[in-house]
Each structure stands twice: as C-alpha cells, then as structure tokens.
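See below for the structure under consideration.
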Amino acid sequence: MATRVPGALTRTAAPAVAAVEALTRGFGERTVLDRLDLEITRGEFIALLGRSGSGKSTLLRALAGLDDEAEGGLSVTGSVAVAFQEPRLVPWKRVHANVTLGLAVPDAKEKADAALAEVGLTERAGAWPLTLSGGEAQRASLARALVRDPDLLLLDEPFSALDALTRITIHQLVLDLWSVHRPAVLLVTHDVDEALLLADRVLVLDQGRIAHESAVPAPRPRHRDHPDLTSLRRTLLAALGVSPEGTT
Amino acid sequence: MSVLELDTPVRTEPQPGARIRRRRLPGRAWQRWISPLVLLLAWQIASTTGLLPTRLLAAPSTIAATAVDLVQAGTLPTAIAVSLQRVLIGFTAGAVAGVGLALVAGLSRRGENAVDPIMQMLRALPFFGLIPLFILWFGIGEAPKVLLVALAVSFPLYLNTFAGIRGVDGKLAEVARTVGLGRAQLIRHIVLPGALPQTLVGLRQSLGVAWLALIVAEQVNANAGLGYMINDAREFLRTDVIVVGLLVYSALGLLTDALVRLLERRALTWRREFLAR
C-alpha cells in the first residue's frame, strides 16, 4: 500500500502501521464514511473525536477487520487488538482464559499472567467475568488486547461506561501500558478532555471524513488546566460544533 | 445490550435464585409439612372408617404395605428396570437427534432452511395422537414405546438448543474474530457454551415429557414395566398397586430432574456465582 499522505496532513517518514485510503462505507442510503483518508504511524497515540453517528466506530470496526462491506483502501501491517466499549468478556471463561482466548503462542499462560499483572488483576485471574466490577472488567479487556503485543491497539470508547474515579486510574493505566509497549493507539471517544489528556494527535470526524486535525504537543503527564490544552480544547469543541463551556 | 441478552434467560428461569432464597429461611421449614401430614391423616381415617372405599382408593397404610410387598416379591424392581430402560434408550435417541438437528440448523443458514421447517411442522403434531400409527408401523413391542419417548424428547431439546445457538451474543462472536478464532474454535469456545444454558432448560423439559410419553405408551399396550403393573392392577381393582406405580413414576421424575439440576449447577458455575452475590 502506498504511503501517500493525503490532504493537508504532514507526517514524518516513520513507517505506517495502518493506512486508510478513500474508505467509504454506507448503511442503506446513508454514507457514514466518505472517501476517508488516514494514516497511523507506528507508536503514535491518536484520539478520534466525533459526534455520535459521525462514523468513529465504523472506522474502528473497519480497522479491526470486523467490516466486510467497507470499500476503498485499507491496509494494516502487523497485529491488531481491540478493546470495546463494553468489556465483552466471555462470561463462561474465567478471566485468565479470557485473556488467552485465541492466543496461539507456546507461552500463552505466562504471557497472560504478565498481562494481568500489568493491569493489576493478578488476584482476579481465576474469577468469573460476571463477578468483576466495571473497572476490573475493563482492565481484563485491556489485558486481553495487550497480551497479543499489538502493533495497533484499537480502543472503542473503553472508558465511557466507567465511573469518573475509575476512569482516571484507567486513563493512567492505558498511558503506562502505551509507554511501555508502544503500540499505535486509535482511541475512539467523544470526550475532548480525554483526547487531550492522552493523545499525540486528535482527529475530528465529521460527515464521514476527517474534518479537523490537531497535534497535542504538551508533554505528559498532562494536566487538564495546561494553557495549551485550554486553547486546543476550544478549537476542538468548535470543530465539533459545540460552543465552549462557559464564557472566556 | 450484551449483558441484557445474557441476563434475560437467567432471570426467566427461577431455580438457582429460588434455591438460594429457600436456604436462607431454615427455621420455619417444618411448617410446610403440616398440611400434607394432616391430609394424609384424614385420608387414613376416611379409609379406616370405610368412608373411602378401597375399590376407589386404598388407605395409605395399605399402600405402604403393598409397596414393601412389591419390592420384596421383585415385581416393582423388575417393572422399574423395564420402564427405566425404555426411557433411557428413548431419551438417548431423542436427545442425539434433537441436539444434532439443532446444531445443523443453528450453525448454518442452509442447515436451518433444510431442518427447521420440517421440525416446526412436526412440532405441531400431537405426538400422542401418533400412537395408533406407531402401533401399525412398529407393532406392540418395545419399538413404539421407545420411539414415542424419543420423539417427545427431541422437540424440546431441538427448540431450546436452536434458540440457544441463535441467541449467542453477536458481540462475543466479534471478539472471537478480533482475537483470531477460526470457525471451529468459535463454535467450541463461544457458540456451544453460550447455547448451553438454554439447552439445559430443554433438557429438563424433555426429561419431564419423556416420563409422560412413557406413561402414555405403557398404558396403551405393555406386557412389562410400570405401566403394565398399573394396568394389571386395574383389572383386579388393586388401587393400592396403582398408587404405588404412580408414586414411583413421580419419584423417578423428580430424581431425573434433580440430576439435571446437579448438572446445571456444575456446568453453569459462571452464572451461579453471579446470581449468588
């Protein structure tokens, strides 16, 4: 697949882990993705923002290989792992077996142990998924994605169902995991603050195309009140068609 | 949504939760024995005083004595063995057919198109109405009885297993796809375990109906087994033997039900711990 950089996006020559070219997907009459172009560089953390129905999840599903009907160019080099909005643990498999599900490597058990330790779930390895709390289940889901050493980690609003406090700890966990393993991450979210807190690059999806793109240069760990982020937040909210909260 | 889909069958089926609740009320359990014992006593008094003639219903004490006699004479154990064998063979055949057809229909559209219309049509047949045909086809030996049981068993298992397979959460199938499971592994790890709770519901229904089918089949024509024992007793107005036969039927029914419940508890631990919380 060509590494052509479409539109106004300028990128360093780092190898792409995924390239999407003129991707189109319609549901009946409605076009959800309209000749969308996107390139994901190895190791970068992208947040994909958009109103509901803007096609965020459709794009993620296409990248995850879950959409057979999307048309256009789509190439992914390396392995992909997904963590969904609902943790989607298999309820009749204990946590450890959920993590190793489909893992065809000889040391699957050890790798799962390590992944569970990383997300802080070692003690719950033998638990049934239905007995986990929301945060624990989402950790298990992250461990299941991580254990595959993905080159591209797709996160489909994995924090949106968590309570505010749990969300903060899981945000930090995702950042820690990302800085250790360095997969490229595509985080689908509708939370501007979450995007600014986590990502290197924030994309806004509108009308089936990438309508806006901002780099987030602030060093991590970031604080919500960082002045650079405040102005970026306003820009992004405007791109999403929302007037910023309060008057400044 | 996924949680909802998984939860619904759990909640419509009251057994596990109900059991837990019953255990939490140990003190008053004996009170539930009062009314049955009073009824039994009244029955005994009515029989002894001649208010209830023996040719209509024997006294409880007579029934108990008869039961002991029948066991000692070997009549009852033999009859139970014959009936149990019929149910076992019929049930096994029906279960294999029902679950097998459900797998064929559940796992592929083509299979569904081939199997499901026929099963839905056959389901509408009152299968006890088939007895005359079965006698014409298979005579009056073991075959029609066993086949009637098999037929009765296959439908609840087919319908429930098919529904169970189709009710498996599509989101889990997507997970299977993203972690790279092939079709065979998808069936093994996701589809079959996902269909299991519903299949077990079908199993309980089918065992209940298996005993019913056997009773009907044995009433019509038999020269051995519990049904034969009951019919034979009718000829001699032995209401005590008839009641013993009925009690044995219900005991066997309860026993098989308990077996399935044990199986459920073992197979569905992942759900039980959740419900017990």
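The values are calculated or read from the model by the stated rules, or taken from the named source; none is laboratory data. Bear in mind that the values here come from a model prediction, so they are computed numbers and not experimental data. FYI the Cβ positions are ideal-geometry reconstructions off the backbone, even for glycines, and counts take in every protein chain you see.
Residues of region A:68-86 that are surrounded by 18 or more Cβ atoms within 10 Å (Cβ to Cβ) and free of Cβ contacts under 8 Å to residues at least 60 places away in the same chain: A:ALA70, A:LEU74. If the condition is being in contact (Cβ under 8 Å) with a residue 12 or more places away in the chain and either assigned to a helix (DSSP H, G or I) or away from chain B (no Cβ under 14 Å) (or both), then region A:91-107 contributes A:VAL95, A:HIS96, A:ASN98, A:VAL99, A:THR100. Looking at B:VAL216, is it modelled with pLDDT under 95, farther than 26 Å from B:LEU57 by Cα and either in a helix (DSSP H, G or I) or of a type in the set (A, V, I, L, M, F, W, C) (or both)? The answer is no for B:VAL216. Got at least one residue in region A:217-234 being in contact (Cβ under 8 Å) with a residue 12 or more places away in the chain and closer than 25 Å to A:ALA19 by Cβ? Scanning region A:217-234 turns up no residue that is in contact (Cβ under 8 Å) with a residue 12 or more places away in the chain and closer than 25 Å to A:ALA19 by Cβ. If the condition is being of a type in the set (Gly, Ala, Ser) and either more than 19 Å from A:ALA47 (Cβ to Cβ) or touching a Cys at 6+ places or on another chain (Cβ under 8 Å) (or both), then region A:133-183 contributes A:SER133, A:GLY134, A:GLY135, A:ALA137, A:ALA140, A:ALA143. For region B:146-202, the tally of residues that are away from chain A (no Cβ under 13 Å) and charged (D, E, K, R) stands at 1.
Screening A:LEU63 against (1) more than 25 Å from A:SER214 (Cα to Cα); (2) in contact with a strand residue (DSSP E or B) (Cβ under 9 Å, 6 or more places away or on another chain) leaves a single unmet condition, (1).
Please indicate, with yes or no, whether at least one residue in region B:246-264 is farther than 25 Å from B:THR54 by Cβ, within 9 Å of chain A (Cβ to nearest Cβ), small (Gly, Ala, Ser) and part of a helix (DSSP H, G or I). No, region B:246-264 contains no residue that is farther than 25 Å from B:THR54 by Cβ, within 9 Å of chain A (Cβ to nearest Cβ), small (Gly, Ala, Ser) and part of a helix (DSSP H, G or I). For the residues A:ARG209, A:ARG201, the requirement of being of a type in the set (Lys, Arg) and over 14 Å from the mean Cα position of the chain (by Cα) singles out A:ARG209.
Per the listing A:ARG30, A:ARG25, A:ARG42, the residue uniquely within 25 Å of A:HIS212 (Cα to Cα), surrounded by 21 or more Cβ atoms within 10 Å (Cβ to Cβ), away from every other protein chain (no Cβ under 14 Å) and out of contact with any Gly (no Cβ under 6 Å at 6 or more places or on another chain) is A:ARG25. The single condition among (1) surrounded by fewer than 19 Cβ atoms within 10 Å (Cβ to Cβ); (2) assigned by TED's automatic domain parsing to the domain that holds A:THR58 that A:GLY126 does not meet is (2). Being in contact (Cβ under 8 Å) with a residue 12 or more places away in the chain, surrounded by fewer than 22 Cβ atoms within 10 Å (Cβ to Cβ) and out of contact with any Leu (no Cβ under 6 Å at 6 or more places or on another chain) is a property that holds for A:ASP191.
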